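Inspection log for the structure reproduced underneath, given as structure tokens.
The values are calculated or read from the model by the stated rules, or taken from the named source; none is laboratory data. Treat the numbers as computed from the prediction; the structure is a model and nothing was measured. All Cβ positions, glycine included, derive from the backbone under ideal geometry; neighbour counts span all protein chains shown.
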Amino acid sequence: MEIRKFIFRLFFFFVAGTLTLSSCKKDSSTSNVNALTNQQSIQVQNSDAQDAVADKTEEDIDSKLDELQNNNYAVAGMKSYLANLTDTVVITVDHPDTTTFPKVVTLTYYSYKDSSAYENIIKNGKITVTITSANPNYRKLVSRAFVFSNFSVTTDSTTIILNGTRLVSRQKAAFKYTGLQFERISVTDNITAATKWAVVTTGKTDTLKFTRNVNKVRTAVSHFRNVIFKPGDLLHFLFRHVASFDTITYNGTVTGINEEGNTYAKTITSPLTVTEYKGSLVVSAGTLTYVVGTDSFEVTFKMDPAHKHFTLVTITNSLTGKTISFDRRFGRVFRRWW
């Protein structure tokens, strides 16, 4: 029980970052009387904690690669040094230019401090990323294959160690104009991963371990408005991003072995749709099934009618019909790389 409580606490830590993460908190006003047992509630929320840990790590690396890509894969000017290998990340690129693919980017962390407002974060280990391009002249058609080699994230009391692979394969990127007033960018990625996680806590003798095998499709749509549009004007364009119209949808599955050694499977049965409401990210629709051991749950997501900047999550035990509901709040940054 202590380990499970720990990973739930860890879940709250990871939402302290500035990337797209989910935090989960109970709201007594939305909890059902006919609730799940405490053990079942912790079991499902532990699963969400593991998703948060994985998303935090993956989005953080994407952010570093975004920075590198925007710098045309030139390392100069980024925080990378060849001496005094402490509090630094050494980045190498085999082809630091805009046209040669594939590229191999290696990020080696040496006690790199990447702290949030809540806890110190130290990173160690190596990540190798092979970047390919279906069309070097079209920057959006880029795919990334990650190899994590004992990559660790350490907080004040906890170390998370990641090994394995992750592939984000860009399948499609399309522009669509709606007259002269609006344009839309749509990108579709296939995401596969086979990763192993270990969580070590100061003062604990055991190590929490779990695995994740991911097979998802992510579609992100970004909207822009011509803010100087005038009927009949074919010469003047000034497009600005309209984040409130954006959506990210997910389909697919996550399988693996959880912290108790039980196999689990999450299957999205109705696409998870992420939108923005006044600066807050909300899962506005979607359903997934979560099967672990002999337990089976249905998890539904929607915007909370009473608090529209929250996602209302309802978990139903498929065998007993008992439920629990709670609000979830996301970070304020709509992360994507294109």
**Fill in**
Among D87, D97, the single one that is out of contact with any strand residue (DSSP E or B) (no Cβ under 6 Å at 6 or more places or on another chain) and modelled with pLDDT of 65 or more is D97
**Request:** Read through the list (1) under 29 Å from D87 (Cα atoms); (2) in contact with a Pro (Cβ under 8 Å, 6 or more places away or on another chain), then give the number of the only condition that V129 fails.
**Result:** (2)
**Request:** Could you grab me the full set of residues in segment 126-136 that are modelled with pLDDT under 90 and either under 20 Å from the mean Cα position of the chain (by Cα) or not in a strand (DSSP E or B) (or both)?
**Result:** A134, N135, P136
**Message:** Which residue is farthest from R218 (Cα to Cα), if the candidates are limited to segment 268-282 and must be at pLDDT 90 or above and β-branched (V, I, T)?
**Reply:** T269
**Complete:** Per the filter on segment 243-259, residues outside any strand (DSSP E or B), loosely packed, with under 15 Cβ neighbours inside 10 Å and without any contact (Cβ under 8 Å) to a residue 60 or more places away in the chain are S244
**Complete:** Only one of (1) within 20 Å of the chain's Cα centre (by Cα); (2) within 30 Å of F229 (Cα to Cα) does not apply to Q171, and that is (2)
**Message:** Could you check segment 174-200 and list, in sequence order, the residues that are in a strand (DSSP E or B) and more than 23 Å from the chain's Cα centre (by Cα)?
**Reply:** F175, K176, Y177, T178, F182, E183
**Message:** Let me spell it out: the conditions are (1) among the hydroxyl-bearing types (S, T, Y); (2) within 30 Å of F175 (Cβ to Cβ); (3) in contact with an Asp or Glu (Cβ under 8 Å, 6 or more places away or on another chain); (4) assigned to a strand (DSSP E or B), and T316 meets all of them except one. Which number is the exception?
**Reply:** (2)
**Request:** Could you look through segment 277-305, keep only residues that are out of contact with any Asp or Glu (no Cβ under 8 Å at 6 or more places or on another chain), over 30 Å from T263 (Cβ atoms) and in contact (Cβ under 8 Å) with a residue 40 or more places away in the chain, and pick out the one that is surrounded by the fewest Cβ atoms within 10 Å (Cβ to Cβ)?
**Result:** G279
**Prompt:** Just checking, how many residues over segment 283-313 are assigned to a loop (DSSP other than H, G, I, E, B) and either at pLDDT 90 or above or of a type in the set (D, E, K, R) (or both)?
**Reply:** 2
**Message:** Please go through (1) among the charged types (D, E, K, R); (2) at pLDDT 85 or above; (3) within 30 Å of F175 (Cα to Cα) for K123 and return the number of the only condition it doesn't satisfy.
**Reply:** (3)
**Message:** Name the single residue that is farthest from G203 (Cα to Cα) among those in segment 131-151 being of a type outside the set (A, V, I, L, M, F, W, C) and buried (at least 17 other Cβ atoms within 10 Å of the Cβ).
**Reply:** S133
**Request:** Among residues belonging to segment 176-199 that are modelled with pLDDT under 85 and over 20 Å from V274 (Cα atoms), point out the one that is surrounded by the most Cβ atoms within 10 Å (Cβ to Cβ).
**Result:** V199
**Item:** Matching residues, segment 164-210, being of a type outside the set (A, V, I, L, M) and touching a His at 6+ places or on another chain (Cβ under 9 Å)
**Value:** F182, E183, R184
**Prompt:** Somewhere in segment 69-76, is a residue in a loop (DSSP other than H, G, I, E, B), at pLDDT 75 or above, surrounded by fewer than 19 Cβ atoms within 10 Å (Cβ to Cβ) and of a type in the set (F, W, Y)?
**Reply:** no
